[in-house]
Structures are given as structure tokens and as C-alpha cells.
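Inspection log for the structure reproduced underneath, given as C-alpha cells.
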Amino acid sequence: MRELSKVREDIDKVDNEIVELYKKRLSLAEEVAGFKIAHSRPVYDKKREEEKLLKLSSLGSDEFEKKGIRELFSQVMSGSRKRQYAIMAEAGRVHSFGFTVRDRFDFSNCKIAYQGVEGAYSEAALVDFFGRGHNIHSVPTWRDAFNELRDGISDYAVLPIENSTAGVVSENYDLLSEYSDSSAIVGEQIIKIDHALLGLPGARIEDIRTVISHPQALMQCRGYLDRHPEFEKKALTNTAMSAMKVRDDGDSSQAAIAGKINAGIYGLTVLEESIQDDTGNETRFLIVSGSHEYLRDAGKLSISFTLNNDTGSLYHVLSNFTYNGLNMSRIESRPLPGRQWEYRFFIDCDGNLLSSSVQNMLRGLEEETNSLQILGNY
């Protein structure tokens, strides 16, 4: 048996040879890119790549080697495509995927919708992102906001997507997919959530028998509500609407969980402040446009897709992010209506539609997924 140091010397030599061969292969890929630019040919040729992978993997002497060879050359080919996309980008040939790049957004004279009524957290997120002085209005439901974007009634909508305590707003994930043809995410805004218990003037905590709020707000205050088992919990579509209902009903046994600002808006009394379980409670809101556009310096990409229920299908799809050096910050899944145990996947990752890495990744996903949707670059 040879000494380990001698074996490692041989491994180093082989590795160096592989590096030189890889550099040579990249140089050949650059020649291919020049030909494809000249003849308006696409970079990704799935049929040819699959034929090559089958041929190369067949050179393995056993199943372990065959799988390893396929994995190795899948990454080599991905790297070659990435280099070709970079060359095409330099030549001004970047796939737009139906989006228009902007140097800036013009928010003057725009119409902005949010769900709820005055005092809603969505309104606070809207003001933080856009500033004051815009043409803003509320709508009853999140679907109404998407309908307004589709119909051109509103230019933008502000929608909650995730809370640091209660998790995702699943309905809005579904709506983003459903309305992907007529909307796109163009920004996000995170705001601190500070819930208060609000009642009629003169009411006391010991008078309260019913607490009304949005289901997520009720979840975010679960610890406080557990300490008051006498409270009956009722869900409403918005925290500010809950405050409005307490005012309109005039029932001193009712209280709302909402932001403290609603006490002044609806003439209520703050019975207790900061009742949320987590003092660092925050909600992430999405800014959704009725146009497919993004800023030139956008750094986050949101997509969704469905897959065939085949062994390894999700693994192979996710490898497109790895091969292209793109960091995934979130992955969620939602059940597909009417298709038991099948799911739509939602992914957030770093990247810009102009970059070769993202172009390469999306081209791979177009071939390997069903119904790929680009939800926004922001």
C-alpha cells in the first residue's frame, strides 16, 4: 500500500488536469455563444444536454460512478450555460421574461390600495414605503386589491405576506400565483407590530367577554388570551375593522386587538398595551404593482412553480440555485386546489433578472418545472 502523501500528490495532479480541461471547455463554450449570438440560437438545448449526460454517464463502470458522472457534468454544463448567458448579456441579448426594467419608479399621481380601513397595519406599511400625500384607498379583501390591479383601478397594492410570530399569510401566496399575469411584486416593507386591547370609553378589562381581531393578530397574542380564558375570540378580516366594530356595536363587553392608533381614530380606550407574545413582532408587507416591472438594482427574486410528483424532482430543481450560486432565503409550499397531495412551491432568492446567474437558473427551471411564474424582482 502506498503512503497517503504519495496518493495525495497524484490526486493533486489529476485535479490540476481537471481544472485545465474545465478552462478549455469554458473557452469552447464562449465560441458556442458567439455562434448562437450570430444565428439567434437559444443557449439551452435540453435535448442535446440530456443526450450528452446519458452518453457520458454510460461510461461509468457501476451505478455509483454513473450517478457521479451525471452530477459532475450537470454542473459543468450549467457553468457553461452561465458563461454563455453572461456573454449574451454583454451583447445586449438578455431574456426579459415579460418584465420591463426601470431606473426608478414614478409614484406621483399613483393610486394605491390596502385591505381594511383607516388605522390598519397595511396602511402604516403603505405610508412607510410610499410616504404621505398619495391617492390611497381601502378595499374589503385582498382579492379585491388584486382585482383592482388587474382592472387598472389601482396602480399598487400593499399586502401582508409574513409575520415573524404567526407565520405566512397563505391566502396572499395563493393570490400572487392566481394573479401573476396581471401583477408583480416591486417592493417590500417590514413594520413593527404592537397590539393593544381596545374597548369603549369607561370599559374595564374585567367587563370584557368577547375579543375581536384578525386571525393572525389573535395568534400573535395567544399567550395573553390564554391568561384570559373568559374571553371569547372572534375573527374579523382586519384589525382596524375590529376596532371599528367595537365602536359601532357600542357593547362594553367587546374589545378589539389592534394598533394603539385605532383608539384615537375610533374613539376607544386602550385597556392594555403591547399584548403580543413577542415584543419583536414584525410583519413583512409586499408592494404589488399592476405592471411587470422592476428596478435595475433589484436584489430579490420571487418565483413559484409546480412539479410532477417524481422521485428527486424537487432536488433537481433546487440544484439550479446551487449551480448558479444563488442564495434561497425562503421556500414555501401550498396545496393545489382539486389535486390531492400536490403542491405549488414559492421561493425567494437573491438575484436580478439582468444577471447571467438568474437567466441561467430561470432557463433551467422553465425546462424542469410546470407553470413557472416570476412573481417579482425587487
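Explain nothing, just the number: relative contact order of segment 1-100, from Cα pairs under 8 Å at least 6 residues apart, as a whole percent. Before the final figure, lay out the partial values.
Numbers: 44 pairs, mean separation 30.3, N = 100.
30 percent.
Determine the sum of side-chain charges near K55: Lys and Arg each +1, Asp and Glu each -1, restricted to other residues whose C-beta is under 12 angstrom from that of K55.
Here the count lands on +1.
Accessible-area rank, largest first, for R227, R102, R81: R227, R102, R81, with all protein chains present and a 1.4 angstrom probe.
At 1.4 Å probe size, with every protein chain present, just tell me what the per residue accessible area of the chain comes to in Å².
Working: 19450 Å² over 378 residues.
For the chain, the per-residue accessible area is 51 Å².
Calculated mean residue ellipticity, 222 nm, the chain: -13000 deg cm²/dmol, from DSSP H runs (n ≥ 4) at -39500 (n - 2.57) each, averaged per residue and rounded to 500.
For Q276, the residues 5 or more places off, or on other chains, whose built amide H falls under 5 Å of its own are H195.
When nucleic acids and ligands are ignored and a 1.4 Å probe is applied, D128 ends up with an accessible area of around 100 Å². Annotation for L21 and D62: the two label points, set 7 Å from Cα along the Cα-Cβ direction, are 2.1 nm apart. Per-residue surface analysis assigns L53 an accessible area of about 20 Å², computed on protein heavy atoms at 1.4 Å probe radius.
Please get the size of the charge dipole for the chain, origin at its Cα centre, with Cβ charges of +1 on Lys and Arg and -1 on Asp and Glu, quoted in debye to the nearest 20. It would help to have the intermediate numbers written out before the result.
Details: 45 positive and 57 negative charges, 223 e Å.
Dipole about the Cα centre, nearest 20: 1080 debye.
Excluding K111 itself, what net charge comes from residues whose Cβ is under 10 Å from its Cβ, given Lys and Arg +1 and Asp and Glu -1?
Numbers: positive: none; negative: E148, D155.
Here the charged neighbours net out to -2.
If you sort D194, D248 by accessible surface, 1.4 Å probe, largest first, the order is D248, D194.
Neighbours of I275 by Cβ distance under 12 Å: Lys/Arg scored +1, Asp/Glu scored -1, total -3. Residues considered: G152, G167, G98. Largest GNM mean-square fluctuation over the chain, using C-alpha springs under 10 Å, is found at G98.
Among E230, E65, E368, the largest mean-square fluctuation in a Gaussian network model of the chain (Cα springs under 10 Å) belongs to E65. Of the residues M361, Y323, N238, the one whose Cα sits farthest towards the positive end of the charge dipole of segment 226-378 is M361 (charges of +1 on Lys and Arg Cβ, -1 on Asp and Glu Cβ, taken about the Cα centre). If you roll a 1.4 angstrom probe over the protein chains with everything in place, what fraction of the accessible area of segment 173-218 belongs to carbon and sulfur, to the nearest %? Summing carbon and sulfur atoms, their accessible area is 49 percent of the total for segment 173-218. Counting only protein heavy atoms and a probe of 1.4 Å, the accessible surface of segment 8-120 is 53% carbon and sulfur. Here's the picture: charge each Lys and Arg Cβ at +1 and each Asp and Glu Cβ at -1 in the chain, and of S333, P42, P229 the one pushed furthest to the positive end of that dipole is P42.
Under the convention that each Lys and Arg Cβ holds +1 and each Asp and Glu Cβ holds -1, the size of the dipole of segment 26-112 around its Cα centre is about 320 debye.
Among V246, V317, V19, the largest mean-square fluctuation in a Gaussian network model of the chain (Cα springs under 10 Å) belongs to V19. Which of the following values of percent of Cα pairs over 41 Å apart was calculated from the structure shown: (i) 9; (ii) 13; (iii) 31? Evaluating percent of Cα pairs over 41 Å apart on these atoms matches (iii). Normalised size of segment 220-315, defined as Cα radius of gyration per 2.2 N^0.38 Å with N residues, equals 1.65.
Could you give the Stokes-Einstein D for segment 75-161 in µm² per second, using the C-alpha Kirkwood radius, 37 °C, 0.692 mPa s? The diffusion coefficient I find is 208 µm²/s.
Placing +1 at every Lys and Arg Cβ and -1 at every Asp and Glu Cβ, with all other atoms neutral, what dipole size does segment 259-325 have around its Cα centre, in debye to the nearest 20? Could you put the intermediate results ahead of the total?
Working: 4 positive and 8 negative charges, 58 e Å.
Using only the charged Cβ atoms, the result is roughly 280 debye.
Along the axis of the charge dipole computed for segment 199-307 (Cβ charges of +1 for Lys and Arg, -1 for Asp and Glu, origin at the Cα centre), the listed residues A255, S274, Q220 are led at the positive end by Q220.
The values are calculated or read from the model by the stated rules, or taken from the named source; none is laboratory data. Please read these numbers as outputs of a predicted model, since none were measured by experiment. Here Cβ is always computed from backbone atoms with ideal geometry, including for glycine, and neighbour counts include all displayed protein chains. Remember, those area values only see protein heavy atoms, side chains included, never the ligands or the DNA or RNA. Shrake-Rupley method; radii C 1.70, N 1.55, O 1.52, S 1.80 Å.
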